[in-house]
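Values in this text are rule-based calculations from the coordinates and carry no lab data. Not measured: the values here are computed from a predicted model. Ideal geometry is used to build each Cβ from the backbone, glycine not excepted, and the neighbour counts take in all protein chains shown.
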Amino acid sequence: MKSAVIVFPGSNREGDMVRALKLAGSDAQKVWHAETELPKGTDLVVLPGGFSYGDYLRCGAIAGRATVMDAVRAHAARGGLVLGVCNGFQILCEAGLLPGILMRNANLKFICHRQFLKVERNDTAFTKNYAKGQAIDVCVAHGEGNYTADAETLKRLEGDGLVAFRYSDAHGNVTADANRNGSMNSIAGIYSDKLNVLGMMPHPENLIEDLVGGTDGRGLFESLVSSFGKAA
Amino acid sequence: MIRNDVAITPELVKEHGLKPDEYERFVKLIGREPTITELGIVSAMWNEHCSYKSSRIHLRGLPTKAPWVIQGPGENAGVIDIGDGLACIFKMESHNHPSFIEPYQGAATGVGGILRDVFTMGARPIAALNFLRFGEPDHPKTPHLVSGVVAGIGGYGNSFGVPTVGGSVGFDKRYNGNILVNAMAVGLARTDEIWYAKATGVGNPIVYLGSKTGRDGIHGATMASAEFDDASEEKRPTVQVGDPFAEKLLLEACLELMKSGAVIAIQDMGAAGLTSSAVEMGAKGNLGVELDLDKVPCREEGMTAYEMMLSESQERMLMVLKPGMEKEAEAIFHKWGLDFAVIGKTTDTLRFVIKHEGEVKADLPIKELGDEAPLYDRPWVESPKRPVITPESVKAPMSEAEALLKLVGSPDQCSKRWVWEQYDHLILGNTVQTPGGDAAIVRVEDGPKGLALTTDVTPRYCEADPFEGGKQAVAEAWRNITAVGGLPLAITDNLNFASPERPESMGQFVGCLKGIGEACKVLDFPVVSGNVSLYNETNGQGILPTPAIGGVGVLDDVTVNASVAFKAEGQAIILIGATAGWLGQSIYLRDVCGREEGAPPPVDLVTEKRNGDFIRQLIRSGQVKTVHDCSDGGIALSLAEMAMAGGIGAEITAVPENMPLHAFLFGEDQARYVIAADEDAAADILYAAGAQGIPAVTLGVTGGDSLILPGKQAISVKQLKSAHEAWLPEYMTGKS
């Protein structure tokens, strides 16, 4: 698998993402935001976490309009895979690739902590190595992760099975206590209609080694690599 | 001859924080009346913050050398060799006064400044820590300050992309009018790619990099060198505003530029901005510096030479470039969207010449600005010795279980989760031990090495006995690193004290420094960088003497480490180190008995080293995975924290024969660790300790869901946890 990790001014988890992709067996290349094309043969585009352009405007608003995003939109339109994590999720919403928006956390503070997620479905390219309903232990680190959408969008997401992950307890129960940022329907991540674009606030890329907290995040990268095969 | 368009009156001199005799000294040095720009420059160079005029002669006594020290104090940060061709570059610095006036920006720019100190030397920051002290919880300003400072530290570090992995938070009425915000940054570089401030070569271009210059922070360093009074909030305009996004770009651009080979010398613009950075580069390199301020990128219109020289706008750097490399350097900075301007050159005149709008605004001898700064041997008096409080003389006002429950939920001992959850402590994917333990551990790149990091000091000990308190601060940092399996290598010190012009507080400074020096020497734990923050007082009320110590140690194999959490049921709990039941200046005496009295526990450094080396050996040989040092709250608090972290209880059966139970459980004798190990290993450990003459005693056994103190006093782990976690969030939402 060939991955392109887009770097915006202010991205800061691009290195973590490259490490996770490589560990799972993908080739991973950083791509500067001013590029007009993706590297040839790109299977997966990743928008990593960070504070693109300082997040001084609405999070992701400037990056969502960066030069490289036209190429990312074209890749997605062809059915290519796109993963946006944290700031990357915010950028995908701003770029029109996913519906809804990420508002300030319910407590109005940045929060960084370990977090269980319930895997809603395991028949996508991103989650096939997980079990349906499995609770995975990852982490969050964000100030604006409060997923918000209008009632119609929410209904469509739920009806079409486009919710990827929900905040849960260790047993996969979706509880109010587990939903610390206040997201609607406890939504932690969503798919596009064709299931080829995934945006999520939590960081699977930081939970890939036993030494550093655990390995529950690896399943996502291994799912992707198993679709394309390991890099030569 | 320089034209003098502003008359220099005694009032103007006073406003610049210069004493009349200091001004006289300056006039004599330059042989004429200074211009207003020159007055500004000298006030920036000769204030306490930049000149260390009250502290220099005492700092000289600190041990700063060891075979692994690459760079000691005097540069932007200290540098140590951690093996495999890698260097760890680190420093801690205060931003106390700005944070009191404008907590968010004050704390944020404190973090920004210290990160810049580290990457100026070529290191990529891999961890941040902090040391915070606030006023008493009941003081009306305290919640606002806590909230702003924590958000500011997080706001800067999170965006910049460095994990904030450790720190210390405490409350005391003595910080009501003067909080402490000390930030520490730790970076990593190759030993052959370290950059210094020393300029070389005549006629080389001096380049300005980073954000534009505005009017923020003018006289920040002078403010940091003055006492506070009720009008201090009027100083808000002198607090700088931070831009972590610009800093992140500056980091990437600087590291890229360093790789290109274009850099001769580099210095960040911190306190006293352009003045201090330019003087430092020239003076260190025995060169003159000539600057043309018309070339300085400005954010505001009509800025004067005076304002530009004293601005403390953030995220700026000064570099001396190799001639002919300007174009290449400029391209790198423009790629990152940052300003780049050649604003001057090095000269062979040893003068510091400032030109603006076709006029010379300042022409000063560059070396003397630093070397001839006033140096004071301020009068000081030794702090009076406090009486030793015997264990028997302290009556227990409540049961040990009640006292423990009270302490785990007290402001100083409660969980600081509310704080560190606002810091991204997981970014970079190398945080092996997160906040809440004895020391944080971060993996170095892909391993196998790791760094153990901590910040610590016990201010109430320092006040009761500066010498012992100074020793204890270093010993505790050393112990924290040891307790996770690290070999302590070096420290950075952030010396926060009250006015040096009062002999009592100067005496505290002198005493603490002697203690720090003594401990560094015996523990082989030199000082490689640091910061002195004096005049921490408001309306004549000084803070507790608070020499915060930031310690760094190395783990050769980061996978072999220990943490505080109980990991299995049925393990033997062993106490290493001798217990005399020392309650003087203890948390128990203060928070349970309501008495702030007595001499603090003495620190026997030879014992400290022996016991610590023994513990580290146990961890490194794989015999022990569970270790917690004993500090505030003694054995009892250590046990409670171990039980809470692991979610496993314990039954403590050891009963002291020669002292009251509460003195045994809560005494704060030094050089002690609580460990847990399987029964077989425990027998070996007790035997090995005995053979080396190290006191070791079995306290009890892990298991169950309660911590049971002697006399069948049980507290459920759940109850401990809920008390421990409750206080801070409730306080911050106004519920407690």
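Can you give the extra length, in nm with one decimal, that the chain gains between B:L12 and B:E33 once fully stretched, where that is 0.36 nm per residue apart less the Cα-Cα distance?
6.3 nm
Can you compute the helix-only [θ] at 222 nm over chain B? Use -39500 (n - 2.57) per DSSP H run of at least 4 residues, normalise by all residues, nearest 500 deg cm²/dmol.
-10500 deg cm²/dmol
Under 8 Å for C-alpha pairs, at least 6 residues apart: give me the relative contact order for the range B:49-371, rounded to a whole percent.
Reported relative contact order: 21 percent.
I'd like to know which of A:Q134, B:G530, B:G553 lies farthest towards the positive end of the charge dipole of the protein assembly as shown, counting +1 on Cβ of Lys and Arg and -1 on Cβ of Asp and Glu.
Ranked along the dipole, the leading option is A:Q134.
Would you mind working out the magnitude of the charge dipole of the protein assembly as shown relative to its Cα centre, with +1 at each Lys and Arg C-beta and -1 at each Asp and Glu C-beta, to the nearest 20 Debye?
That gives a dipole near 1300 debye.
Given a Förster radius of 51 Å and the C-beta distance between B:K735 and A:D123 as r, what FRET efficiency does 1/(1 + (r/R0)^6) yield to the nearest 0.05?
For B:K735 and A:D123, the calculated efficiency is 0.65.
Positive end of the dipole of the protein assembly as shown, charges at C-beta (+1 Lys, Arg; -1 Asp, Glu), about the Cα centre: which of B:G270, B:N286, A:M200 has its Cα farthest in that direction?
A:M200
Identify which of A:L162, A:L23, A:L220 has the largest mean-square fluctuation in a Gaussian network model of chain A, with springs joining Cα atoms closer than 10 Å.
Residue with maximal mean-square fluctuation among A:L162, A:L23, A:L220: A:L23.
Please give the length that would be gained between B:A66 and B:K718 if that part of the chain were fully extended, namely 0.36 nm times their separation in residues minus their C-alpha to C-alpha distance (nm, one decimal).
Stretched out fully, the B:A66 to B:K718 stretch lengthens by 230.1 nm.
Just from its helices, what would the mean residue ellipticity at 222 nm be for chain A, if runs of 4 or more DSSP H residues each count -39500 (n - 2.57) and the sum is divided by every residue, rounded to the nearest 500 deg cm²/dmol?
-6000 deg cm²/dmol
Using a simple charge model, +1 on the beta-carbon of Lys and Arg, -1 on the beta-carbon of Asp and Glu, nothing else, what dipole does chain A show about its Cα centre, in debye to the nearest 20?
For chain A, the charge dipole is close to 140 debye.
Return, for the Cα atoms of the protein assembly as shown, the radius of gyration and Dmax in Å, separated by a comma.
So, for the protein assembly as shown, Rg and Dmax equal 28.5, 86 Å respectively.
Dipole of the range A:33-87 (Lys/Arg Cβ +1, Asp/Glu Cβ -1, origin at the Cα centre): which of A:A77, A:G50, A:A34 lies farthest to the positive side?
Of the candidates, A:A77 comes out farthest on the positive side.
Summarise the partner chain shielding of A:8-17 as one whole number: the mean count of Cβ atoms from other chains within 10 Å of each residue's Cβ.
Taking all residues of A:8-17 together, the mean is 5.
State to the nearest 20 debye the size of the charge dipole of chain B about its Cα centre, where the only charges are +1 on K and R beta carbons and -1 on D and E beta carbons.
About 480 debye.
How far is it, in nm, from the label point at A:K22 to the one at A:T175 when both lie 7 Å from their Cα along the line to the Cβ?
Placing both labels 7 Å beyond Cα along the Cβ direction yields 4.0 nm.
Rank the residues B:E468, B:E11, B:E596 as a footprinting-exposure proxy: fewest other Cβ atoms within 10 Å of their Cβ go first.
Least to most surrounded, the residues fall as B:E11, B:E596, B:E468.
Could you work out the relative contact order of the range B:562-736? I mean the mean sequence separation of Cα pairs under 8 Å and 6+ apart, divided by the number of residues, in percent.
RCO, the range B:562-736: 37 percent.
Given points 7 Å out from each Cα along the Cα-Cβ axis, report the A:L108 to B:R25 separation in nanometres with one decimal.
If labels sit at A:L108 and B:R25, their model points lie 4.8 nm apart.
When DSSP assigns beta bridges and you keep just the ones with both residues in the range A:2-228, what percent turn out antiparallel, to the nearest 5?
60 percent
Give the lysines whose C-alpha is closer than 19 Å to that of B:K395, dropping any in the same chain fewer than 8 places away, or say none.
Correct list for B:K395: B:K406.
Of the listed pairs B:K141/B:K416; B:K284/B:K322; A:K2/B:K322; B:K212/B:K345; A:K109/A:K194, which have alpha-carbon separations greater than 29 Å here?
A:K2/B:K322; A:K109/A:K194
Can you tell me the FRET efficiency between B:T304 and B:L375 if r is taken as the Cβ-Cβ distance and R0 is 35 Å, rounded to the nearest 0.05?
0.65
Extending each Cα 7 Å along its Cβ direction at A:A34 and B:A568, get the distance between those two points in nm, one decimal.
Placing both labels 7 Å along Cα→Cβ, they lie 5.8 nm apart.
How high is the FRET efficiency between B:Q541 and B:D613 when r is their beta carbon distance and R₀ equals 45 Å, given to the nearest 0.05?
Once the sixth-power term is evaluated, E becomes 0.60.
So what is the relative contact order for chain B, in percent, with contacts set as C-alpha pairs under 8 Å and at least six apart?
Relative contact order, chain B: 15 percent.
Does the range B:462-599 come out rounded, prolate or oblate by the C-alpha gyration tensor, with a ≥ b ≥ c the root eigenvalues, rounded set by a/c under 1.5 and, if not, prolate when a/b is larger than b/c and oblate if not?
Oblate.
Using only the Cα atoms of chain A, build the gyration tensor, take square roots of its eigenvalues as a ≥ b ≥ c, and label the shape rounded, prolate or oblate: rounded if a/c is under 1.5, else prolate if a/b is larger than b/c, else oblate.
rounded
Count the lysine pairs in the range B:1-136 whose Cα atoms sit under 21 Å apart, keeping only pairs 8 or more residues apart in sequence or on different chains.
7
List A:F116, B:F100 from most exposed to least, where exposure is judged by having the fewest other Cβ atoms within 10 Å.
The fewest-first ordering by Cβ neighbours comes to A:F116, B:F100.
Kindly write out, for the range B:18-29 in residue order, the coupling ³J(HN,Hα) from the Karplus curve 6.51 cos²θ - 1.76 cosθ + 1.60 (θ = phi - 60°), rounded to whole Hz, with x marking Gly and Pro.
So the Karplus estimates, Gly and Pro as x, are 9, 6, x, 6, 5, 5, 4, 4, 5, 4, 5, 4 Hz.
Could you tell me the number of lysine pairs in the range B:562-736 with C-alpha atoms less than 27 Å from each other, where the two lysines are 8 or more residues apart or belong to different chains?
Final tally of qualifying lysine pairs is 11.
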